[in-house]
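Let me give you the structure first, and then I'll get to my questions.
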Amino acid sequence: MLNKKSAFAFVTSFVLAASLLSGCGSSKDGGASSAAEGTGTSSKQVEFSFYYSGSQNVDDLWKNLIPMFEEKNPDIKVKAVYVPSGTGAQPTYDRILAAKQSGKGSGDIDLFEDGLGVVTKGQKDDLWDNLSTDHIPNLNNVDQNTLNDVSNLAIPYRSSAVVLAYNSETVKDVPKTLDDVYEWIRSHPERFAYNDPSTGGAGSSFVTTSIYKFLPEDAIHNTDPSIESQWDQGFSLLKDLGKYMYGKGIYPKKNQGTLDLLTSGEVDMIPAWSDMVLDQLDKGQLPETTKITQITPGFNGGPTYLMVPKLSEKKDAVYKFLDFVLSPEAQNVVVDKMHGFPGIKLTNMSQEVQDSFKGASEGFRSFNIGDLDKDINKRWQSEVAAQ
Amino acid sequence: MSKSFKRGILGISMVLPSFLVLVLIVVIPIMSSLRESLKNDNGGYDLSNYTYLFTDKLMRSNIIFTLEITIVSSILVLLISYSLAVYMRFNNGFAVRWIRRTYMIPIFIPSVIATYGLIQLLGNHGWMARILYHLGTDSFPRIIFDMKGIILANLWFNIPFTTMLLGSALSGVPDAVIESAKDVGAGRMRIFFRLILPLTFKTLLVALTFVFMGVIGSFTAPFLIGPNAPQMLGVSMEQIFSVFQDRQLAAATAFFTFLLCSFVGYFYIRSMIKEESVRSS
């Protein structure tokens, strides 16, 4: 009896310990556990942590790319940490910065994905590693100008832009410039909608583009609050447009909110993210008559970057991964899975891909106004939404 | 140690856990948000956030909008739930059986899905509008992206639980009381207003507290189907906190919402205490 009991206890504790150990192993030190099992290859496995954030489609993309990479490089394991958008991107950056300041390396973050704002912020704090073609041969595929913009500190691995999506059945005279768009809105009351700028980038881009239309061209890279006094003209334009908007001033929530209106035919034209439109066209969620176009001056758009913290200790593995991400094979996944514009030059992609992005993957502008968008949203809420 | 002292210790030790939980998850957060809300831009303490809350045109219209929706929703929910509960208590038959089987369904549908369902049903080009269009009605009132939509959603979310609450109170009204009242010649109206309503009044108050607090703090439905401005306080709070990142103002709004809720809570507790003192005297 006693024997049985103790055997049971032994087995239970063994199972528990084993499961605990293997749990630790997979999350902390993949190399050790595989070696202990005796099944691992002779070379030591390296694991690095990759933090990224964004919408669900970004998560889906990496869940496709990482296994592809790991299959080819069995000695490298990528620990992917997905931070849902809006909740944790800022803390991740703060973690890297805090780890550096307290002399703790890179804070266990070996690769980080974010937009232009964070790249320049980290440049000031001297956080990012300088990337070169010596380590990452495929960097040659990337447009040198985009790399110069970020002083070779970050890799633009994909990009997307806000475009004008319209129903080609009802919109015959497609607007080419921003003024054309306003003209179209005025002559077609309640057939245009943009989403509440505080809830999504598409609406935010429409608002920002309208405000900065009246400012000098280089103002879109100005993060100084003193520029705010020049916003008045743009806001009064938006206020005036209000009565021509869908429902005489209804601004749906989230980027998807306006896309839903376009699908149901309640509006004929909206600003929207190119990748969302192309993806939903592909899945048949948007009517086939939906088309996209960019206008001049262009809406907001630009690459999403990958940065390597300077103090990371696993750079060699990270470089291999980055090289893979920039290969045409991986870039094809970017195009197929999330309909992003490829990060490498279009000439490296198939003709089919080149054709599909015609007219959409160019002409956008990269706004970099820092925290000023907070003030835009605040003013928009009290002046335009509540007029 | 005297017996009463021992009993006192026992009493306190039984109350202590719930008291501690209350302090930890209610009192401390409220105090800290009160403190946060009194901070001004220069790091000092004053009432500037509250002044802004009540003088800013947008915030004031948000508050009025929230109160309007809350009061209208509460009254409608209580009216409908009470009539449903009374109907189910004093009638029997096919209809009652089906109401009893189905009225709980909304509780089991996640609020996001229910809200999208409402948008599909009542939107500008939704099913309702299409059906009406085929019946020859051209104009369809704006329900989604409007106050009416939020109130409808509130009805959907709150009626089931309130009906259940009131139903159980009504089943506590003994048949004997009603029959004896009938025997001495009381009319239907008289029985309702002199017997049934007073006997269930306390539960009605409880229900009102639940509905009021649930509606005033609601977020999902007002966020998805409410107008851009004015907003309900929950939506506005989220925007102030995570978009404008003005924590002090968000804290002030939160504390004001808490005050509104405790105002209703006060009446509830007062009636409870009254009842207790009547019982013990």
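The values are calculated or read from the model by the stated rules, or taken from the named source; none is laboratory data. None of the values given here were measured: they were computed from a predicted structure. Positions of Cβ are backbone-derived with ideal geometry, glycine not excepted, and every protein chain shown enters the neighbour counts.
State yes or no: is B:Leu224 more than 17 Å from the chain's Cα centre (by Cα), within 14 Å of chain A (Cβ to nearest Cβ) and modelled with pLDDT under 90?
yes
Would you say A:Ser159 is out of contact with any Leu (no Cβ under 8 Å at 6 or more places or on another chain), away from every other protein chain (no Cβ under 14 Å) and free of Cβ contacts under 8 Å to residues at least 12 places away in the same chain?
In short, no.
If you don't mind, there's one more thing I want to ask. Please work out if A:Leu322 is under 25 Å from A:Ser53 (Cα atoms) and in contact with a strand residue (DSSP E or B) (Cβ under 7 Å, 6 or more places away or on another chain).
yes
Is it the case, given these coordinates, that A:Leu322 is buried (at least 17 other Cβ atoms within 10 Å of the Cβ), under 18 Å from the mean Cα position of the chain (by Cα) and either closer than 26 Å to A:Thr209 by Cβ or of a type in the set (Asp, Glu) (or both)?
It is false that A:Leu322 is buried (at least 17 other Cβ atoms within 10 Å of the Cβ), under 18 Å from the mean Cα position of the chain (by Cα) and either closer than 26 Å to A:Thr209 by Cβ or of a type in the set (Asp, Glu) (or both).
Go through (1) in a helix (DSSP H, G or I); (2) farther than 19 Å from A:Ala386 by Cα for B:Thr253 and report which single condition fails.
Checking B:Thr253 against (1) in a helix (DSSP H, G or I); (2) farther than 19 Å from A:Ala386 by Cα, the one that fails is (2).
Now for a different question. How many residues does region A:265-284 contain that are surrounded by 15 or more Cβ atoms within 10 Å (Cβ to Cβ) and either away from every other protein chain (no Cβ under 14 Å) or of a type in the set (Ser, Thr, Tyr) (or both)?
13
If you don't mind, there's one more thing I want to ask. So is A:Ile292 away from every other protein chain (no Cβ under 14 Å), in a strand (DSSP E or B), out of contact with any Asp or Glu (no Cβ under 7 Å at 6 or more places or on another chain) and surrounded by 21 or more Cβ atoms within 10 Å (Cβ to Cβ) or not?
So A:Ile292 does not fit the description; no.
State whether the residues of region B:260-273 include one that is in a helix (DSSP H, G or I), surrounded by fewer than 13 Cβ atoms within 10 Å (Cβ to Cβ) and of a type in the set (Lys, Arg).
Among the residues of region B:260-273, at least one is in a helix (DSSP H, G or I), surrounded by fewer than 13 Cβ atoms within 10 Å (Cβ to Cβ) and of a type in the set (Lys, Arg), which makes the answer yes.
Could you go through region B:172-193 and let me know if any residue there is within 14 Å of chain A (Cβ to nearest Cβ) and either outside any helix (DSSP H, G or I) or modelled with pLDDT of 90 or more (or both). Outline the logic, then answer.
Within region B:172-193, the subset within 14 Å of chain A (Cβ to nearest Cβ) is none.
No, region B:172-193 has no match at all.
Go through the residues of region B:168-184 one by one and say whether even a single one is in contact with a helix residue (DSSP H, G or I) (Cβ under 9 Å, 6 or more places away or on another chain), under 30 Å from B:Leu67 (Cβ atoms) and of a type in the set (A, V, I, L, M, F, W, C).
Within region B:168-184, one or more residues are in contact with a helix residue (DSSP H, G or I) (Cβ under 9 Å, 6 or more places away or on another chain), under 30 Å from B:Leu67 (Cβ atoms) and of a type in the set (A, V, I, L, M, F, W, C).
Just to be sure before I move on: is A:Val334 closer than 26 Å to A:Ser132 by Cα, away from chain B (no Cβ under 14 Å) and either in contact with a Cys (Cβ under 9 Å, 6 or more places away or on another chain) or aliphatic (A, V, I, L, M) (or both) in the structure I sent?
On the way: closer than 26 Å to A:Ser132 by Cα: yes; away from chain B (no Cβ under 14 Å): yes; either in contact with a Cys (Cβ under 9 Å, 6 or more places away or on another chain) or aliphatic (A, V, I, L, M) (or both): yes.
In short, yes.
Listed residues B:Ile178, B:Ile225; which is aliphatic (A, V, I, L, M) and closer than 19 Å to B:Asn62 by Cα? So that I can check it myself, show each step before the final result.
Numbers: B:Ile178 fails: closer than 19 Å to B:Asn62 by Cα.
Selected residue: B:Ile225, the only one of B:Ile178, B:Ile225 that is aliphatic (A, V, I, L, M) and closer than 19 Å to B:Asn62 by Cα.
Looking at (1) at pLDDT below 85; (2) surrounded by 16 or more Cβ atoms within 10 Å (Cβ to Cβ); (3) away from chain A (no Cβ under 13 Å), find the lone condition where B:Ala252 falls short.
(1) is the only condition that B:Ala252 fails.
This table checks each residue for (1) within 30 Å of A:Thr258 (Cβ to Cβ); (2) among the charged types (D, E, K, R); (3) surrounded by fewer than 18 Cβ atoms within 10 Å (Cβ to Cβ); (4) in contact with a His (Cβ under 8 Å, 6 or more places away or on another chain).
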| residue | (1), (2), (3), (4) |
| --- | --- |
| B:Asp183 | no, yes, yes, no |
| B:Phe201 | no, no, yes, no |
| B:Ile216 | yes, no, no, no |
| B:Val235 | yes, no, no, no |
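If you take the residues of region A:337-387 that are of a type outside the set (S, T, N, Q), without any contact (Cβ under 8 Å) to a residue 24 or more places away in the chain and within 14 Å of chain B (Cβ to nearest Cβ), which of them is surrounded by the fewest Cβ atoms within 10 Å (Cβ to Cβ)?
Among residues in region A:337-387 that are of a type outside the set (S, T, N, Q), without any contact (Cβ under 8 Å) to a residue 24 or more places away in the chain and within 14 Å of chain B (Cβ to nearest Cβ), the one surrounded by the fewest Cβ atoms within 10 Å (Cβ to Cβ) is A:Lys374.
Enumerate the pairs (first residue in region B:65-92 and β-branched (Val, Ile, Thr); second residue anywhere and outside any helix (DSSP H, G or I)) with beta-carbon separation below 7 Å, excluding pairs fewer than 6 apart on the same chain, so at least 6 apart or on different chains.
B:Thr66/B:Met232; B:Ile69/B:Met232
Now for a separate question. Restrict the check to region B:142-161 and report whether at least one residue is more than 18 Å from the chain's Cα centre (by Cα), over 18 Å from B:Met213 (Cβ atoms) and more than 14 Å from chain A (Cβ to nearest Cβ).
no
Can you tell me which residue in region B:207-231 is farthest from B:Asp146 (Cα to Cα), limited to those that are in a loop (DSSP other than H, G, I, E, B) and of a type outside the set (S, T, N, Q)? Walk me through it before giving the result.
As a first pass, look at region B:207-231 and keep what is in a loop (DSSP other than H, G, I, E, B): B:217-219, B:226-231.
Okay, now just the ones that are also of a type outside the set (S, T, N, Q), so B:217, B:219, B:226-227, B:229-230.
Numbers: B:Gly217: 18, B:Phe219: 15, B:Gly226: 5, B:Pro227: 5, B:Ala229: 10, B:Pro230: 10 Å.
Among them, the one singled out is B:Gly217.
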